[in-house]
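Okay, structure first, notes after.
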Amino acid sequence: MSEELINNEVQKSESEKIEKVKVSLEKIKSKQSKFLFCIPESHSPAASIYEIYFHATVVKNMGYDVIALVEKAEYVPPVWIEKELTAIKHLPLSDPKLTVGPEDVMVIPDVYSNIMEQTKNLPCLRVGLLQSIDYMINGLIPSYDWKRFGINDIITTSKSIQDFIETFYGKNKFSIRVYNVGIPEYFEKDTKPQKPIISIVGRNPNEISKFAKLFYNKFPQYNWITFDSMLTKSKPPVPLRRVDFAKRLKENCAAVWVDRISSFGTFPLECMKSSVIPICLKPDIMPEYLIERDETGKPAKVVDGCGVWTDNFYDLPMLLGEVITKFLDDSINDKLYNSMNKIASKYNQENAKKQLTDIYGDFILQRTLLLESAVNNNI
């Protein structure tokens with residue numbers, strides 16, 4: 001092939017690239033971008049899965065085409081999430097009809113480092129949704145970070161997680177956007193009186209069993225107190241729908257939460273919104289809603305009045321006994337309930353929707369500017 005023919009082919013190839021970018025730019029300006037949310041399969045309720053569906057619904061309501069990417073074609077959306085959140089298109093990652101362009105946005109949760117690797121050459125904007133420090137570390141190979149997968153943009157649920165990422169993976173290395181998780185309004189306390197029943201939630205069934213045994217041994221006078229595992233009454237018991245979970249929670253007077261590896265933890269917030277006193281073991285990373293920051297954004301002190309928190313697992317039975325005694329004596333200070341409600345009010349879904357609308361709108365603007373720059377510079 002002559003040099004002239006080679007040059008013509010190169011010019012033709014470059015021209016075709018520019019035309020494709022122009023098409024993508026037109027799509028993004030006319031709201032034809034697709035938002036692809038990778039959703040892990042979960043057999044038990046997980047706030048992280050709920051949040052992905054919540055994000056997808058917010059973007060859907062912004063007027064964009066939204067697709068839930070799942071691993072298996074036979075995937076069934078979780079029944080414990082409201083149907084209005086799961087009422088989006090679901091496609092398996094292997095679907096041959098699935099196409100992705102520069103105008104599209106793919107959101108990949110922290111558990112999916114394999115998908116981060118498989119999709120790193122796709123032309124779309126790829127965003128890491130990092131909700132759990134434990135999962136995000138487990139998903140990475142030593143000496144790797146998300147830039148190795150071509151991911152520069154991150155959404156996370158708390159400033160505490162942002163601080164962690166910047167401490168261990170580099171400050172200003174990623175564009176990190178933080179929003180406040182929204183607790184649904186159906187968790188708000190109703191007028192029904194609360195019962196001497198204790199909700200108990202944790203990752204380790206052995207710890208939950210150990211806690212209950214220690215409590216009954218220390219407080220035999222309270223052997224009539226019931227612990228609610230927050231499952232259905234069926235045999236075998238199965239997880240409750242979240243709205244039913246909220247209904248059950250609001251009936252109880254207190255709740256116990258044991259979760260050392262949670263990086264945020266929505267259950268204590270659900271309790272606060274329901275005016276149910278949370279009695280909790282502090283996880284390794286202090287939840288953001290327990291932190292009061294100074295004017296520079298650095299943690300200044302731990303917030304008071306957001307339930308009962310301890311560093312020692314074996315303190316939990318003692319603390320619960322004190323709370324039950326005060327509850328039965330009607331001597332719990334109203335300041336505690338007011339403080340819990342004040343904290344929970346910051347984590348409402350309307351506020352979360354507004355923040356997420358701004359975040360995803362910013363991604364569209366970011367992508368628009370990139371494509372316009374490519375067209376103007378003939379790249």
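Computed from the coordinates by the stated procedures, all read-outs in this text should not be read as laboratory data. As the structure is a computational prediction, the values presented were derived from the model and not from experiment. Here Cβ is always computed from backbone atoms with ideal geometry, including for glycine, and neighbour counts include all displayed protein chains.
Just a few scattered comments:
- Virtual spin-label span in nm between Glu292 and Asp190, 7 Å along Cα→Cβ: 3.5 nm
- For the chain, modelled as a GNM whose springs connect Cα atoms under 10 angstrom apart, the maximal fluctuation among Gly150, Gly265, Gly63 occurs at Gly63.
- Per-residue [θ]222 nm for the chain (sum of -39500 (n - 2.57) over DSSP H runs n ≥ 4, rounded to 500): -13000 deg cm²/dmol
- For the chain, built as a Gaussian network whose Cα springs stay under 10 Å, the top-fluctuating residue of Gln162, Gln118, Gln355: Gln118
- Calculated FRET efficiency for the pair Asp134/Asn312, C-beta based, R₀ 25 Å, to 0.05: 0.75
- Rough spin-label spacing in nm, given labels placed 7 Å along Cα→Cβ, for Arg148 and Ala73: 3.4 nm
- Counting only DSSP beta bridges with both residues in the chain, the antiparallel share comes to about 10 percent.
- GNM on the chain, alpha-carbon springs under 10 angstrom: the most fluctuating residue among Trp224, Trp80, Trp146 is Trp224.
- Segment 185-346 shape via C-alpha gyration tensor axes, a/c threshold 1.5: rounded
- Shape category assigned to segment 75-187 from the gyration tensor of Cα positions, a/c cut at 1.5: oblate
- Added length on full extension, which subtracts the Cα-Cα distance from 0.36 nm per residue, Lys233 to Glu350: 38.9 nm
- Cross-link reach list, lysines versus Lys171, counting only Cα pairs under 30 Å and skipping chain neighbours closer than eight places: Lys120, Lys147, Lys159, Lys282, Lys298, Lys301, Lys346, Lys353, Lys354
- Near Trp309, the amide H atoms lying under 5 Å from its own belong to Cys280; only residues 5 or more places off or on other chains count, and H is placed 1.01 Å from N.
- Remark: segment 95-109, residue by residue, has Karplus-estimated 3J(HN,Hα) of 4, x, 7, 6, 10, 9, x, x, 7, 8, 10, 10, 10, 10, x Hz, where x stands for each Gly or Pro and the curve is 6.51 cos²θ - 1.76 cosθ + 1.60 at θ = phi - 60°.
- Listed values (1) 47, 21, 19; (2) 34, 23, 21; (3) 51, 26, 17, entry calculated as semi-axes √(5λ) of the Cα gyration tensor in Å: (1)
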